[in-house]
Amino acid sequence: MATPNYGYEKRQRELAKKQKKEDKLRARAATARRGAGDNGAEPSPSPPATQDGQAPNAANL
């Protein structure tokens, strides 16, 4: 009887796991693009920086 090739089996499991992870990332990216495009508005810009390069906060206003 032939011995099992555990290295091959492990590699196949790793490849399947990697493929599943990539598919999940693609699905999330597609969902994020769809969600951002639904309302037609772009995300609000960050507040303008002050002269010293710091973002304004309640104490500076």
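The values are calculated or read from the model by the stated rules, or taken from the named source; none is laboratory data. Please read these numbers as outputs of a predicted model, since none were measured by experiment. Virtual Cβ from ideal backbone geometry, glycine too; neighbours counted across all protein chains shown. Only protein heavy atoms, including side chains, enter the accessible area calculation; ligands, DNA and RNA are left aside. Shrake-Rupley method; radii C 1.70, N 1.55, O 1.52, S 1.80 Å.
Determine, yes or no, whether P47 is at pLDDT below 70 and either touching a His at 6+ places or on another chain (Cβ under 8 Å) or part of a loop (DSSP other than H, G, I, E, B) (or both). Yes; evaluated as a whole, the condition is true for this residue. In segment 4-11, is there at least one residue being open to solvent by less than 100 Å² (accessible area, probe 1.4 Å), hydroxyl-bearing (S, T, Y) and modelled with pLDDT of 65 or more? For segment 4-11, residues open to solvent by less than 100 Å² (accessible area, probe 1.4 Å), hydroxyl-bearing (S, T, Y) and modelled with pLDDT of 65 or more: absent.
Scanning segment 13-33 for residues that are more than 14 Å from the chain's Cα centre (by Cα) and open to solvent by 80 Å² or more (accessible area, probe 1.4 Å) yields R13, E14, K17, K18, Q19, K20.
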